[in-house]
Amino acid sequence: MNYVDGFVAPVPKKNLAAYRRMARRAGKIWREHGALQYTECVADDVKPGKLTSFPQAVKLKPGEVVVFSWIVYKSRAARDRANRMVMADPRLADLMDPKKLPFDGKRMFWGGFKPFLEL
């Protein structure tokens with residue numbers, strides 16, 4: 001089975017176009033470095049829960065929307081290799097500055113996942 005990195009971030013609605021441009025550029029570079037699939041989704045049906053939810057997890061503020069993203073790789077080793085290459089790619093250097101991002105990176109969370117069931 002493949003390996004998946006998942007990401008959740010709060011994005012100001014007014015910055016969605018800038019986020020999409022950033023994601024399109026980053027996704028192409030991730031694909032060049034070995035990602036099999038790069039997907040970005042904007043929340044459509046994510047209500048606050050009683051204990052936890054996507055909005056609560058990112059401390060969603062008024063005027064923001066949750067973005068859920070994932071990248072698929074052949075394996076964890078392929079993910080690790082791709083991430084090293086992506087982080088060193090000079091075409092993404094401007095995205096390494098948190099002040100230039102179209103969202104609050106401090107409220108973003110992510111992790112790697114090993115699928116255990118595919119239908």
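Here residue 114 is the anchor, and the lysines within straight C-alpha reach of less than 30 Å, apart from those fewer than 8 places off in the same chain, are 28, 47, 50, 59, 74, 106. Structural descriptor for the chain: relative contact order 48 percent, calculated from alpha carbon pairs under 8 angstrom and at least 6 residues apart. Close amide H contacts of residue 64 (hydrogens built in the peptide plane, cut-off under 5 Å, sequence separation of 5 or more or a different chain): 13. The order of 52, 39, going from fewest to most other C-beta atoms within 10 Å of their C-beta, is 52, 39. Residues 74, 50, ranked from the fewest to the most other C-beta atoms within 10 Å, line up as 50, 74. A simple count of charges around residue 4, restricted to other residues whose Cβ falls under 13 Å of its Cβ and scoring Lys, Arg +1 and Asp, Glu -1, yields +2. Among the listed values (i) 111; (ii) 119; (iii) 132, the one matching volume of the Cα convex hull per residue in Å³ as calculated from this structure is (ii). Residues of the stretch 19-50 falling in the label zone of residue 13, defined by backbone nitrogen less than 17 Å from a point 7 Å along Cα to beta-carbon, are 19-20, 42-48. Entry note, the chain: the mean residue ellipticity at 222 nm calculated from DSSP H runs of n ≥ 4, each adding -39500 (n - 2.57), is -8500 deg cm²/dmol after division by the residues and rounding to the nearest 500.
Can you figure out the FRET efficiency of residue 25 with residue 50, using R₀ = 30 Å and their beta-carbon distance, to the nearest 0.05? Provide the component values of the computation, followed by the final result.
Details: r = 38 Å, r/R0 = 1.28.
Using R0 = 30 Å, I get an efficiency of 0.20.
Using 1/(1 + (r/R0)^6) with R0 = 25 angstrom and r between the beta carbons of residue 119 and residue 41, what's the FRET efficiency to the nearest 0.05? Once rounded, the FRET efficiency stands at 0.80.
Within the straight-line cut-off of under 17 Å between alpha carbons, the lysines reachable from residue 100 are 13, 14, sequence neighbours fewer than 8 places apart in one chain being disregarded.
Laboratory data are not the source of any read-out in this text; all were calculated from the coordinates shown. As the structure is a computational prediction, the values presented were derived from the model and not from experiment. Don't worry about glycine lacking a Cβ; one is built from the backbone with ideal geometry, like all the others, and counts go over all protein chains shown.
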